[in-house]
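First the structure, in the form of structure tokens, and then the observations on it.
The values are calculated or read from the model by the stated rules, or taken from the named source; none is laboratory data. Please read these numbers as outputs of a predicted model, since none were measured by experiment. Methodologically, a virtual Cβ is constructed for each residue, glycine included, from the backbone with ideal geometry; neighbour enumeration extends over all protein chains shown.
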Amino acid sequence: MHPGSQIGGVYLHCAPVDFRKQINGLAAIVEQELDVSPFGDTLFVFINRRRTGLKALYWHRNGFCLWQKRLEKQRFAWPDAADSGATCALSMHELQWLLEGFDLWHNKPHKTLNYRASC
């Protein structure tokens, strides 16, 4: 991201998008499908059909920034649109983990155990 940019939230667009879309097309998806203003401090992340590429769109002071990452051999973990709805909210730390290849939806923490003493 742009140095000094303040990102307040991260939203993943769960359904794949046509990667021929650039800033205007992705901003239109944010406004029309997600019903959110693209001019806030939110980062919007999109994935291609093969899950080998990500595009991140955000507003910085006076214009849009578009960032792209393409994997050469692997695929990104991504939530299922049928289970998650149109978007999935993440923290910046979770986005970093996603970019590093961690599957945030299948890797679960240890289960909480609740014991009681029997008397």
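Quick look at the values:
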{"read-out": "Residues being loosely packed, with under 14 Cβ neighbours inside 10 Å and either among the polar types (S, T, N, Q) or touching a strand residue (DSSP E or B) at 6+ places or on another chain (Cβ under 9 Å) (or both) - total across the range 1-39", "value": "11"}
{"read-out": "Residue in the range 42-59 that is in contact (Cβ under 8 Å) with a residue 24 or more places away in the chain, surrounded by 15 or more Cβ atoms within 10 Å (Cβ to Cβ), in contact with a helix residue (DSSP H, G or I) (Cβ under 9 Å, 6 or more places away or on another chain) and among the basic types (K, R) present", "value": "yes"}
{"read-out": "Helices (runs of 4 or more DSSP H) within the range 9-119 that include 2 or more residues modelled with pLDDT of 90 or more and on the phi < 0 side of the Ramachandran plot", "value": "23-32"}
{"read-out": "Number of positions in the range 60-97 that are in contact (Cβ under 8 Å) with a residue 40 or more places away in the chain and of a type outside the set (D, E, K, R)", "value": "18"}
